[in-house]
Amino acid sequence: YNKDLNCDVVQMAHHGSHGLRFTTYNNFNAKACLWPTPDWLWENNAGNGYNTGIWETIRLYEHMKSLGVKYHFIAKDGVQEIVFPISF
């Protein structure tokens, strides 16, 4: 990865769907992701249930887990407080 992009927390582009190429996230070495994502998009729900839509949110979440990201803060869960510095 590019050490110049090293970060602890990354906000997912465009609500986590169709914002960046997945491989771009490989460069960040993030430990946590911020997902400004509503329920229907988080679940990739086009109206027919879980993972029935065209969006990439679930696939990107799986990709981030494969990169070792263990902490995911999802806006759909309401107001969240993140106290810095974060102890990972």
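The values are calculated or read from the model by the stated rules, or taken from the named source; none is laboratory data. For clarity, every value in this text was computed on a predicted model and none was experimentally measured. No Cβ is skipped: glycine too gets one built from the backbone with ideal geometry, and neighbour counts run over all protein chains shown. Note: accessible area is taken over every heavy atom of the protein model, side chains too, but ligands, DNA and RNA are not part of it. Shrake-Rupley method; radii C 1.70, N 1.55, O 1.52, S 1.80 Å.
What to note about this one:
- Matching residues, region 1-10, being assigned to a loop (DSSP other than H, G, I, E, B) and open to solvent by 50 Å² or more (accessible area, probe 1.4 Å): Tyr1, Asn2, Asn6, Asp8
- Yes/no for Ala13 being at negative phi and open to solvent by 50 Å² or more (accessible area, probe 1.4 Å): no
- Neighbours by Cβ (under 6 Å, 6+ apart or cross-chain): first from region 63-84, part of a strand (DSSP E or B); second modelled with pLDDT under 85: Phe73/Gln80
- Qualifying residues in region 16-58 (those that are open to solvent by 30 Å² or more (accessible area, probe 1.4 Å) and not in a loop (DSSP other than H, G, I, E, B)) - the one nearest to Gly78 (Cα to Cα): Asp39
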